[in-house]
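*Asks:* First the structure, which I've put down as structure tokens, then a few questions once you've had a look.
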Amino acid sequence: MLELRLVQGSLLKKVMEAIKDLVNDANFDCSATGFSLQAMDSSHVALVALLLRSEGFEHYRCDRNISMGMNLNNMSKMLKCAGNDDIITLKADDGSDTVTFMFESPTQDKISDFEMKLMDIDSEHLGIPEAEYHAIVRMPSAEFARICKDLSSIGDTVVISVTKEGVKFSTRGDIGTANIVCRQNTTVDKPEEATIIEMNEPVSLTFALRYMNSFTKATPLSSMVTISLSSELPVVVEYKIAEMGYIRFYLAPKIEEDEDETKP
Amino acid sequence: MLELRLVQGSLLKKVMEAIKDLVNDANFDCSATGFSLQAMDSSHVALVALLLRSEGFEHYRCDRNISMGMNLNNMSKMLKCAGNDDIITLKADDGSDTVTFMFESPTQDKISDFEMKLMDIDSEHLGIPEAEYHAIVRMPSAEFARICKDLSSIGDTVVISVTKEGVKFSTRGDIGTANIVCRQNTTVDKPEEATIIEMNEPVSLTFALRYMNSFTKATPLSSMVTISLSSELPVVVEYKIAEMGYIRFYLAPKIEEDEDETKP
Amino acid sequence: MLELRLVQGSLLKKVMEAIKDLVNDANFDCSATGFSLQAMDSSHVALVALLLRSEGFEHYRCDRNISMGMNLNNMSKMLKCAGNDDIITLKADDGSDTVTFMFESPTQDKISDFEMKLMDIDSEHLGIPEAEYHAIVRMPSAEFARICKDLSSIGDTVVISVTKEGVKFSTRGDIGTANIVCRQNTTVDKPEEATIIEMNEPVSLTFALRYMNSFTKATPLSSMVTISLSSELPVVVEYKIAEMGYIRFYLAPKIEEDEDETKP
């Protein structure tokens, strides 16, 4: 039997909003350590990895490891019916082909239960090795989202270049070129306004803006985003989830034949 | 001659927003007692009844009973031009085929008059007898609107079941099932947050969500909604209008052949 | 070389929003006195004139007069990437076929530069003589915008009639007629709430509402609008731009064969 009670139910609502446009169907994996998901996007270009550790739940009962296939669009429809302050409990009986989402209003005056059919989904779990990155940029998530959106009005790809001084986001399109530089900045009033750059060596990589914009749907989950870059590895765009886990997006850089032209 | 002056003109704006999607053309009936309307929706399934008592108007002059046929969409276009704080006066000369809406801004600096052609509309006035209901639910109107909207993302019909403990709204669709229970609750800080259930006998009835959602367009008119249910009668969904009247929606229950299946 | 630094960069963003739907391509003229534009709308009915005086810029360097042809839609896309509190600097080298917009965030942590191709645009500069007007109406810009929008839901043209007492906006359409009267009013708490009428002789002119609505896109630039009317001249709808200039829209009155009918 599975029973996971999450007091801050809005986190689960935000997680669904972050991934439902990227992934159609996915297996949620439950074990003693936590509730997790790993899935490729529908065009098999980007990878999403989600972890919600068991300690983050008020009550976490998972008698045996279980993998539950869900249609994320349908799951999102149900979670949208939860209030932002509701407690969400996820329940499944052993061997059942359904999962139940229970929503409790803060005053306990309104109790909802939504039952959804589970699906059989083939999926292979990729081992993602810990890696060393050339550069790690930590910056306000809203700033990163704004930059990706702004550059999309000019071009289709973004070149992310990191030096000790800052991180540069560049694009080029029919109407012109754009460069946005964010400087390293640690002397801020609030820690979540800092831009922090850890760099072992300079790096400059090109990515499709379409995916970057999709990743920024996770912005409501965290005020900071961490971007880890290495020339031989997919970029990792990570949003921490309030003390209990993370959502990570992986995307391979574009190898552009005319890359020199794209670099402004 | 007819001249009705309503200081809280926004009420009339809200009334139009509440019914214009449900009813295309309707006769407004004026008499010494008040300004009223009774109309079937365009598919002849639901009935709307509106009453604004003469005492609620600052000035109410109606020399003889008169029935004025109006296109509600056009009337709504005109009332949208009134400011939310405007005083609205409705005027018609005897025998005239037009009606005039006059809007006065609170400072009297801006005076507008909008003249609209009246229409001849055949309509029969249904006598609606006072009835005894099996159960009457009084609950926050925003909560009821939210429930109807949420259930619409899952199914097409709602089963409303009342017991002494509470009222249950249920639906069923391709992606699963949903049940929302609101408990009787009278110990609240503000009276408009209460959920009050008067029950003579348990009742469980099925309705089309499309109509229920349409009725909830009246939510801005009142913080409370009253739902009166009886197994042999149409449900009545009533919104009181600030001391001066009400808007009531009537809808016959669906007789479902597979009703047992629908009951979760 | 050209380098214009505007601390209140949001002004330039608002100017673009005000004119980009009316004008596709236009020449921006730079001289020692200021940055200006004059352009017909794409259907050659209305004229826009913009002036930003050099004194309004923190830094203004314009070595020689220059005319820069720009696609306003593309320019608007780039300016939308500036934050509302950003400082905007416009730069062009002598003989260059590009212009650069630089955006600096208030904290200087984020610096963007957007480069856009210039265009060759044929345009003749019309001399607009200073004229005497029969009537000049100064009123809150939001009120004027609301009136134009409201009347558009009833008819296609507006008759603007000025008397000493006030200004009347009228329209007529299939569903009826509308008259909105704004009274002269100078005894207001805030000067920007006043409606002030200077009148030499009464005037009544008809205009296409489509254009009037387009002009009101400039509303965010100024809390007041000035409407100058004369029976032999195009109307001038003017929005002042914070101490540094203006945007003016010119539109010829309609000569309606059935004008008497249109007058309510």
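Any read-out appearing in this document is the output of simple, stated calculations on the displayed coordinates, not a laboratory observation. In this text, all values refer to a predicted model and were calculated from it rather than measured experimentally. Glycine also receives a Cβ, built like all others from the backbone with ideal geometry; neighbour counts cover every protein chain displayed.
*Asks:* Have a look at B:Val237, B:Met119, B:Leu12 and report the one farthest towards the positive end of the charge dipole of chain B, computed about the Cα centre with Cβ charges (Lys/Arg +1, Asp/Glu -1).
*Replies:* Checking the options against the dipole of chain B, the answer is B:Leu12.
*Asks:* Please report, in debye to the nearest 20, how large the charge dipole of chain B is about its Cα centre when each Lys and Arg carries +1 at its beta carbon and each Asp and Glu carries -1 there.
*Replies:* The dipole of chain B has a size of about 640 debye.
*Asks:* Another question, if that's okay. What is the magnitude of the charge dipole of region A:135-262 about its Cα centre, with +1 placed on the Cβ of each Lys and Arg, -1 on the Cβ of each Asp and Glu, and no other charges, expressed in debye to the nearest 20?
*Replies:* Roughly 500 debye for region A:135-262.
*Asks:* Output the relative contact order of chain B, whole-number percent, from Cα pairs under 8 angstrom with separation of 6+ residues.
*Replies:* That works out to 20 percent.
*Asks:* Rounding to the nearest 10 and keeping the result within 0 to 90°, find how far the Cα-based axis of helix A:141-152 lies from the longest principal axis of chain A.
*Replies:* The angle comes out near 60 degrees.
*Asks:* Run the simple label-point estimate for B:Asn84 and A:Met1 please: 7 Å along Cα→C-beta, distance reported in nm.
*Replies:* Computed distance between label sites B:Asn84 and A:Met1 equals 5.0 nm.
*Asks:* A further question follows. Output, in nm with one decimal and in ascending order, the distances from the A:Asn213 label point to the matching label points of the other copies (7 Å from Cα along Cα-to-Cβ).
*Replies:* Nearest to farthest, the other copies are at 2.7, 2.7 nm.
*Asks:* Considering every residue in B:170-178, what mean count of other chain Cβ atoms within 10 Å of its Cβ is obtained?
*Replies:* If you average over the peptide's residues, the count of other-chain Cβ atoms is 5.
*Asks:* Nearest 0.05, what FRET efficiency do B:Ser231 and A:Lys190 give at R0 = 51 Å with Cβ-Cβ as r?
*Replies:* So the FRET efficiency works out to roughly 0.30.
*Asks:* OK, next. Which one of C:Met224, A:Asn179, A:Ser152 is farthest out on the positive end of the charge dipole of the protein assembly as shown, using unit charges on Cβ (Lys, Arg +1; Asp, Glu -1) and the Cα centre as origin?
*Replies:* Value: C:Met224.
*Asks:* Let me ask you something else. Relative to a virtual label point 7 Å from the Cα of C:Asp122 in the Cα→beta-carbon direction, which members of region C:64-104 show backbone nitrogen distances below 13 Å?
*Replies:* none
*Asks:* Would you look at the GNM of chain C, springs on alpha carbons closer than 10 Å, and say which of C:Arg53, C:Arg138, C:Arg64 moves the most?
*Replies:* Looking only at C:Arg53, C:Arg138, C:Arg64, the biggest GNM fluctuation is shown by C:Arg64.
*Asks:* Relative contact order of region C:135-262, please, whole-number percent, based on alpha carbon pairs below 8 angstrom and at least 6 residues apart.
*Replies:* 28
*Asks:* With the crude spin-label approximation of a point 7 Å out along Cα→Cβ, what separation in nm comes out for B:Asp156 versus B:Ser43?
*Replies:* Here the modelled spin labels are 0.9 nm apart.
*Asks:* Mean residue ellipticity at 222 nm from the helices of the protein assembly as shown, using -39,500 (n - 2.57) per DSSP H segment of n ≥ 4 over the full residue count, to the nearest 500 deg cm²/dmol?
*Replies:* One gets -4000 deg cm²/dmol as the mean residue ellipticity at 222 nm.
*Asks:* Just to confirm the number: angle between the C-alpha axis of helix A:10-19 and the first principal axis of chain A, 0 to 90 degrees, nearest 10?
*Replies:* Long axis of A:10-19 versus the principal axis of chain A: about 50 degrees.
*Asks:* OK, next. So for A:His134, C:His44, fewest C-beta neighbours within 10 Å to most, what's the order?
*Replies:* Least to most surrounded, the residues fall as C:His44, A:His134.
*Asks:* Would you tally the net charge around A:Met199, using a Cβ to Cβ cut-off of less than 11 Å, leaving A:Met199 out, and scoring K and R as +1, D and E as -1?
*Replies:* -2
*Asks:* State to the nearest 20 debye the size of the charge dipole of the protein assembly as shown about its Cα centre, where the only charges are +1 on K and R beta carbons and -1 on D and E beta carbons.
*Replies:* For the protein assembly as shown, the charge dipole is close to 1160 debye.
*Asks:* Give me B:Glu55, A:Glu238 ranked fewest to most by other Cβ atoms within 10 Å of their Cβ, as a rough exposure proxy.
*Replies:* B:Glu55, A:Glu238
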